[in-house]
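Asks: Once you've had a glance at the structure underneath, I'll fire off some questions.
The values are calculated or read from the model by the stated rules, or taken from the named source; none is laboratory data. Nothing here was measured: the structure is a model prediction, and the numbers come from that model. Counting neighbours? That spans all protein chains shown, and the Cβs are built from the backbone with ideal geometry, glycine included. Just so you know, the surface numbers come from the protein's heavy atoms only, side chains and all, with ligands and any DNA or RNA stripped out. Shrake-Rupley method; radii C 1.70, N 1.55, O 1.52, S 1.80 Å.
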Amino acid sequence: MTKLRDLVDQNLGIGLGLRTTHYEDILGKWPAVDWFEILSENYMHTGGRPVHVLDQVAERYPVVMHGVSMNIGTTDPIDRAYLSELKALAARCNARWISDHICWTGVNGQNLHDLLPLPYTEAALRHLVARVKQVQDVLERPLVLENPSTYLQFAGADFTEPEFLRELTAATGCGLLMDVNNVFVCAENHGFDAEAYLRAVPWDHVVYFHLAGHTVHATHRLDTHDHPVCKEVWQLFALANRLSGGRSTLLEWDANIPDFATTHREAKKALRHGARARERGALVGARR
Amino acid sequence: MSRRPLPLRRLQQWMSHVVQHPGTAADALAGRTARALVPAAAVEAGDVLVPNPRLSAAGMLDVYNGGYLMRLVEVLQSDFGAMHHVLGDDGFRRFAARYLEKHPSRHPNLNVLGRHVPAFTKAQRTLPHRAFLVDLATLELSVSCAFDAPEFTPLATDAIAAVPQERWDRIRLTPNPSVQLHAFRHPVDEFYQAWKNEKPVAVPKPSPSWLLVNRQGDRVWRRRLSRSAFRVLQRLCAGEPLGHALSTAKPGEPVADWFRDFSQDGLFTALRVARR
């Protein structure tokens, strides 16, 4: 079983999400991107162009899998068929790690295709801990879980979010994907101090960072991944780098996606805020 | 009112109901189902959601409720773009909302969200151009299914050519998993191509048409067939012996050319030669 420490220490550099709109640029030019993150579900239940592209990308770049449908926090039974497919996909693309979100996506067998919040209670923590352990047993590797953007908080919480993350990681040994934009969005929506949040994160469990843009509405901020990263998030990212000593970093851009060169330039701004590019040839287990 | 947290299961059932409600979150919260799971008074008292100075409880839930329909309608619109063109923005949104009520997603992957659209369209008795839209939905679903069909290795044309013609009566072919054959009541592929070319045409009058949809490499192809070629290919895909399937063409029809094209397009993945 892969050790979490190996993932935390493996700084892949600055990565990009593999998106269909960029396939032509990527397959035609093999740009100097440190690594790619795929949306796992886009490469499951399909045998056509997506997997054909993925095979070629995985031959040349490190690949990380990021899912949106594990539904880890649901009270429905664990979907073992989904996990089997996830595991097979990870083997196929030699995924460095597999991540998803601290959330639930549906109940009663339905999938709302949204990252719905969990209450940060003792009961929810126990529930999540048991499920993360089961998933890790099936996947035979530590699961990496992302702090979500949320637009409501359930009353009666026993923990703040960083406390919840600390308890969860201590009990399961799972990793964390620290989405800095989500921290900022939640801090603005719920009125907490984003810097204090970052100072309370269990950094020894953080495997990588996500950066993204969001949309500002009159009443709340919405995690839309359709804008450049805002100034405040870059500042928080710099703090997160200081606190963590640096981690693999990925820019998410999922709507109104600009051309590949613009997206890549935006990602590389992370270098100005304390991120490191990948040292060539330093990867363990790369196919090439 | 007690501030004891609700059981997680009940909380999730409640939120799931509110998020999926076709109206607003306020409509959902006022309804019987939501109130049976979580009393409205508890929501109003701030016992369920932490109060937010900028948004009411319904307002916070509306962020999820609005996003749910918008996101899934967008997915359906992407898979059924020509249907969206026929129905228009509002018409398609209403159609999709009704569809999602009847067929909420139950799968981790959104690729399969629209799999019931043709049957659902057929059941919409008041839908304008319903019969044509059934054909169009079938074609658009077929393109998505071919795109996502499992991987396969096409049978080399040499492998088929190597079998002597006198043994064709004993050969059965296996179609690749992307192959789909459709007999339509309308010339739907012409309409679909015109829409793809951004030169849309009027909804056509009924006139039968036959279509093959398949994937070659990583590209999806559509080929209009004659009725006779369609029937031959249908027989081959059903596993009828090659010789027999080809013999059902009418005299003078270019059945050898059809079969050569089918083979070269990689429509088959295996051949079995039955023993006498």
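Asks: Can you name the residue in region B:45-72 that is out of contact with any helix residue (DSSP H, G or I) (no Cβ under 7 Å at 6 or more places or on another chain), more than 7 Å from chain A (Cβ to nearest Cβ) and in a helix (DSSP H, G or I) and is also least open to solvent (accessible area, probe 1.4 Å) among such residues?
Replies: Let us first name the residues in region B:45-72 that are out of contact with any helix residue (DSSP H, G or I) (no Cβ under 7 Å at 6 or more places or on another chain), namely B:45-47, B:50-51, B:53-56, B:59-60, B:63, B:66-67, B:70-71.
Narrowing the set further to residues that are more than 7 Å from chain A (Cβ to nearest Cβ) leaves B:45, B:51, B:53, B:56, B:66, B:70.
Going one step further and asking which of them are in a helix (DSSP H, G or I), we end up with B:66, B:70.
Working: B:GLY66: 38, B:MET70: 124 Å².
Ranking the candidates gives B:GLY66 first.
Asks: Here is a further query. I need the full set of residues from region A:18-32 which are open to solvent by 10 Å² or more (accessible area, probe 1.4 Å), touching a residue at least 24 places away in the same chain (Cβ under 8 Å) and not in a helix (DSSP H, G or I), in order please.
Replies: Once the filter is applied, which keeps residues that are open to solvent by 10 Å² or more (accessible area, probe 1.4 Å), touching a residue at least 24 places away in the same chain (Cβ under 8 Å) and not in a helix (DSSP H, G or I), region A:18-32 yields A:ARG19, A:TRP30, A:PRO31.
Asks: Just a yes or no: is a residue in region A:33-44 more than 14 Å from chain B (Cβ to nearest Cβ), open to solvent by 50 Å² or more (accessible area, probe 1.4 Å), of a type outside the set (D, E, K, R) and assigned to a helix (DSSP H, G or I)?
Replies: Just the residues of region A:33-44 that are more than 14 Å from chain B (Cβ to nearest Cβ), to begin with: A:33-37.
Checking the rest, the ones that are also open to solvent by 50 Å² or more (accessible area, probe 1.4 Å) come to none.
The answer is no; no qualifying residue exists.
Asks: Hey, does region B:182-195 have a residue that's within 14 Å of another protein chain (Cβ to nearest Cβ), out of contact with any strand residue (DSSP E or B) (no Cβ under 7 Å at 6 or more places or on another chain) and not aliphatic (A, V, I, L, M)?
Replies: No, the conditions are met nowhere in region B:182-195.
Asks: Also: Yes or no: region A:86-106 includes at least one residue that is within 12 Å of chain B (Cβ to nearest Cβ), over 18 Å from the mean Cα position of the chain (by Cα) and open to solvent by less than 30 Å² (accessible area, probe 1.4 Å). Break it down stepwise before answering.
Replies: Here is the first cut: in region A:86-106, the ones within 12 Å of chain B (Cβ to nearest Cβ) are A:86, A:89, A:92, A:100, A:103-106.
Keeping just the survivors that are over 18 Å from the mean Cα position of the chain (by Cα) gives A:92, A:106.
In the following step, the residues that additionally are open to solvent by less than 30 Å² (accessible area, probe 1.4 Å) were identified as A:106.
Yes, the conditions are met somewhere in region A:86-106.
Asks: If you go through region B:189-199 one residue at a time, do you hit one that is in contact with a Lys or Arg (Cβ under 7 Å, 6 or more places away or on another chain) and assigned by TED's automatic domain parsing to the domain that holds B:TRP168?
Replies: So the first thing to find is which residues in region B:189-199 are in contact with a Lys or Arg (Cβ under 7 Å, 6 or more places away or on another chain), and the list is B:189.
In the following step, the residues that additionally are assigned by TED's automatic domain parsing to the domain that holds B:TRP168 were identified as B:189.
Within region B:189-199, one or more residues are in contact with a Lys or Arg (Cβ under 7 Å, 6 or more places away or on another chain) and assigned by TED's automatic domain parsing to the domain that holds B:TRP168.
Asks: Which one of these does A:LEU4 not meet: (1) closer than 17 Å to B:LEU110 by Cβ; (2) open to solvent by 10 Å² or more (accessible area, probe 1.4 Å); (3) within 16 Å of the chain's Cα centre (by Cα)?
Replies: Condition not satisfied by A:LEU4: (1).
Asks: How many residues does region B:1-22 contain that are at pLDDT below 95 and either at the interface with chain A (Cβ under 7 Å from one of its Cβ atoms) or surrounded by fewer than 17 Cβ atoms within 10 Å (Cβ to Cβ) (or both)? It would help to see each step written out before you state the result.
Replies: Step one: of region B:1-22, the residues at pLDDT below 95 are B:1-6, B:22.
Now restrict to residues that are either at the interface with chain A (Cβ under 7 Å from one of its Cβ atoms) or surrounded by fewer than 17 Cβ atoms within 10 Å (Cβ to Cβ) (or both): B:1-5, B:22.
Here the count works out to 6.
Asks: Let me ask something additional. Got a sec? Which of A:GLU266, A:GLU232 is acidic (Asp, Glu), assigned to a helix (DSSP H, G or I) and crowded, with 16+ Cβ neighbours inside 10 Å? Break it down stepwise before answering.
Replies: Details: A:GLU232 fails: crowded, with 16+ Cβ neighbours inside 10 Å.
Every option except A:GLU266 fails the conditions.
Asks: Next question. Could you give me the residue pairs with C-beta distances under 8 Å whose first residue belongs to region B:8-26 and is closer than 15 Å to B:PRO104 by Cβ, whose second residue is assigned to a loop (DSSP other than H, G, I, E, B) and among the hydroxyl-bearing types (Ser, Thr, Tyr) wherever it lies, and which are 6+ apart or on separate chains?
Replies: Matching pairs, first to second residue: B:GLN12/A:THR74; B:GLN12/A:THR75.
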